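Only the coordinates and a few stated rules stand behind these numbers; no lab work does. What you see is a predicted model, and the numbers here were worked out from it, not measured in a lab. Cβ placement follows ideal geometry from the backbone for every residue including glycine, while neighbour counts extend to all protein chains displayed.
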Amino acid sequence: MSTETTASVSTHILDTSVGRPAGGVPVELSVRDGIDGAWSAHGVSKTDADGRVKDLPALPEGTTHVRLDFQIEQYAFENQHSVDKQAAEAQQDAPRVRDSAAFFPEVAITFAVTPGEHYHVPLLLNPFGYSVYRGS
């Protein structure tokens with residue numbers, strides 16, 4: 001829900017290594033007023049079974065920047081255990097298959113906001129990389 005004086009944020013995570021949503025990932029929303037302002041925690045949630053976070057609170061008036069912190073290490077990549085580790089490690093240029101859940105244990109995305117706008121910021125995730133974009 002947004003008004004002319006506040007903005008709102010939603011997000012979702014897709015595990016592109018298996019083409020499925022990443023459920024159960026903790027997400028923290030922080031806000032600040034101005035580039036030199038201090039960060040303030042504003043909301044926490046987890047992705048649902050569809051990889052979505054729909055319950056983040058509306059942003060306070062005056063918010064100019066938002067940070068979404070995704071705790072990726074708590075998400076276990078579904079395909080990690082199905083990979084033939086010996087075959088992967090035998091390839092000279094292939095990254096070694098790791099026993100831990102993620103090369104990037106957390107992902108922090110910071111973006112600028114304008115009052116009255118809604119910002120949907122999806123995270124596309126795989127064991128060795130990620131990308132984000134402003135969705136709709």
Full-stretch length increase - Ala49, His118 - with 0.36 nm per residue and alpha-carbon distance subtracted: 22.6 nm
Cubic angstrom per residue, convex hull over Cα atoms of the stretch 1-57: 105 Å³
Pseudo-spin-label distance Ala41 to Ser10, built 7 Å along Cα→Cβ, given in nm, is 2.5 nm
Residue span Phe103 to Phe128: 0.36 nm per residue of separation minus Cα-Cα distance leaves a gain in nm of 8.4 nm
Here the stretch 10-15 yields Karplus 3J(HN,Hα) values (6.51, -1.76, 1.60; θ = phi - 60°; whole Hz; Gly and Pro given as x) of 9, 7, 8, 10, 10, 7
Around His120, which amide H atoms from residues at least 5 apart in sequence, or from another chain, sit under 5 Å from its own amide H, with H modelled in the peptide plane? Ser10, Gly135
